[in-house]
Amino acid sequence: MRLDLQAKSFAGKLILGPIEISVGRGERVAILGPSGIGKSTLLRILAGLDRNFQGRRDGDERLAMVFQEPVLLPWRDALANITIPTGCDRKTAIEWMGRAGLAGHEAKFPRQMSLGQQRRLALARAFAAGPDILLADEPYASLDAETATRMVSLTGELLDRSGAGLILVTHDPNEGAALEARALRLSGTPARLQKD
Amino acid sequence: MSQDSNSRSGLWPGLMSILAMLLIWTVASQLTDRPQTLPAPWQVAARIGHLAATGELWFNAGMTLMRVAASFALAMAIGLALGLLMGRSRRVDDWLNPGIIILLNVPALVVIVLSYIWVGLNETAAILAVALNKIPVVTVMIREGARALRPDLDEMASAFRMAPAARLRHVVLPQLAPQIAAAARAGISLIWKIVLVVEFLGRSNGVGFKIHLLFSSFDVTGVLAWALTFVAIMLAIDLFILRPWERRVNRWRQDAA
């Protein structure tokens with residue numbers, strides 16, 4: 001997947017300047033930078049959720065997204081939260097839930113799960129979609145340190161197993177390092193990418 | 001859980017209040033000097049029994065119920081679609097809102113009369129007239145819900161490229177369930193009252209038509225017999241169809257069991 005961004009502005013204000021980024025299967029990239037710099041905006045453009053920018057985005061890789069919040073369907077049980085959005089079968093969904101440490105929680109509604117479990121469910125959902133590249137927007141924010149560390153190593157394991165690439169947006173360089181991701185730093189106004 | 005105990009504790013006062021109403025009715029019927037203006041409850045009950053035995057009750061109540069069901073389904077489907085469109089798109093809302101407001105304020109009787117004149121004295125006109133009275137109410141209720149749809153779920157659905165039908169069924173409609181349930185329950189009672197007027201004015205069967213005949217002969221016993229029977233049918237629908245459905249779609253709101 002390749003993005004050749006010229007400019008992105010919100011309400012007449014230039015947020016992102018010229019940015020070139022390309023990621024393929026198996027490659028891992030961490031986009032770092034302070035909050036408010038436009039990391040999430042860049043990720044949304046990469047994900048194809050925001051098409052209102054100047055530039056080109058190419059590539060037909062299968063993408064899956066992990067959001068800042070788990071963003072689950074509260075009215076469907078855990079298993080359906082994987083099968084409905086991804087379209088995968090029950091067996092695949094149960095396997096990914098097991099890998100995410102959620103075996104036995106299939107029939108629970110999201111409200112009946114802890115935040116850590118909900119995040120693991122969101123991660124399992126993303127992998128169940130069978131992505132070539134996983135896009136993650138601060139997926140470990142608002143978790144306690146211990147849970148975050150476990151989630152990072154879980155993400156690493158699942159990436160190894162599936163061979164998917166990763167674009168991780170985070171403010172914490174350690175998370176990127178733990179996942180052996182190439183670090184890119186967003187800085188300046190309008191923001192541009194710098195190699196670390 | 002709390003809902004169950006609520007309905008159980010509400011059962012006793014509910015029964016007592018119905019008994020009290022029956023008692024007042026009985027006393028009033030005995031005090032009046034013209035029994036035909038207010039018959040006693042047992043006279044009405046006897047008439048209901050007679051109507052049921054002859055089969056007349058089932059046929060006419062069935063016709064009315066069929067009209068209620070058809071116009072209810074039509075009004076809910078169109079109201080849901082319009083409400084969703086108007087809630088999601090500012091432009092559609094701007095264009096359709098004046099029409100909705102006008103329709104909300106046109107008296108039911110005018111819609112019925114015009115429908116009979118323009119479409120003809122037939123079943124289509126009857127069902128259309130009732131639905132037209134209800135559509136704007138459903139639309140407005142659904143629109144409020146559609147304006148408050150969660151953008152994060154919308155984005156999730158786009159990110160996973162969910163098909164439009166799956167999105168509607170699993171992402172949009174569950175969020176609108178409270179508005180749909182409210183519109184359905186408010187709608188069903190409004191609709192059966194309008195159906196009776198429609199039958200009164202231009203049909204040759206149904207509860208409204210029977211009341212029309214009984215009105216010409218000032219037969220209060222008959223009017224009450226038909227009215228109470230149909231109230232009972234509608235209450236049964238609310239109790240045994242709408243409420244259980246509402247409970248089922250709200251199951252996910254319960255916390256850890």
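Bear in mind that the values in this text are calculations on the coordinates, not laboratory data. As the structure is a prediction and not an experimental result, all values here were calculated from the model. Reconstructed Cβ throughout: ideal geometry from the backbone, glycine too, with neighbour counts over all protein chains shown.
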* Asked: Counting each DSSP H run of 4 or more residues in chain B as -39500 (n - 2.57), what helix-only mean residue ellipticity at 222 nm follows after dividing by all residues, to the nearest 500 deg cm²/dmol?
  -> -27000 deg cm²/dmol
* **Inter-probe distance in nm under a simple model that places probes 7 Å from Cα toward Cβ, at B:Arg251 and B:Leu213** => 4.6 nm
* Relative contact order (%) - criterion: Cα under 8 Å, at least six apart; region: region B:66-252 -> 25 percent
* Asked: DSSP beta bridges in the protein assembly as shown, what fraction antiparallel, as a percent rounded to 5?
  -> 45 percent
* Structure fact -> With Cα coordinates, the longest principal axis of chain A makes an angle with the long axis of helix A:90-99, in degrees rounded to 10, of 80 degrees
* To do: Enter the angle in degrees (range 0 to 90, nearest 10) between the Cα long axis of helix A:115-128 and the first principal axis of the Cα atoms of chain A, meaning the one along which they spread out most.
  => 80 degrees
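Across peptide A:119-132, what mean number of C-beta atoms from other chains lies inside 10 Å of a residue's C-beta?
Rounded to a whole number, the mean comes out at 1.
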* To do: Mind pulling the angle between the C-alpha long axis of helix A:145-162 and the longest principal axis of chain A? Nearest 10 degrees, somewhere in 0 to 90.
  => 90 degrees
* Asked: What does a probe at A:Ser187 reach in region A:9-52, counting residues whose amide N is under 14 Å from the point 7 Å along Cα→Cβ?
  -> A:32-35, A:37
* When you count, for each residue, the other Cβ atoms within 10 Å and take the mean per peptide, how do A:45-55, A:132-142 rank with the highest first? -> A:132-142, A:45-55
* Asked: Is any helix in chain B, taking whole DSSP H runs, at least 24 angstrom long along its axis by alpha carbon and on average at least 1.6 on the Kyte-Doolittle scale, and which ones?
  -> B:220-237
* Structure fact -> Mean-square fluctuation maximum in Gaussian network of chain A, Cα pairs under 10 Å, restricted to A:Arg120, A:Arg99, A:Arg56, hits A:Arg56
* Theoretical FRET efficiency, 1/(1+(r/R0)^6), r = Cβ-Cβ of A:Leu115 and B:Leu168, R0 30 Å, to 0.05 -> 0.55
* Find how much the distance from A:Leu49 to A:Arg150 grows on full extension, using 0.36 nm per residue of separation minus their present alpha carbon separation; answer in nm with one decimal. => 33.5 nm
* Structure fact -> In nm, the gap between the two label points placed 7 Å beyond Cα toward Cβ at B:Ala73 and B:Ile102 is 3.0 nm
* Compute the distance in nm between two label points, each set 7 Å from the Cα along the Cα-to-Cβ direction, one at A:Asp60 and one at B:Val119. => 4.9 nm
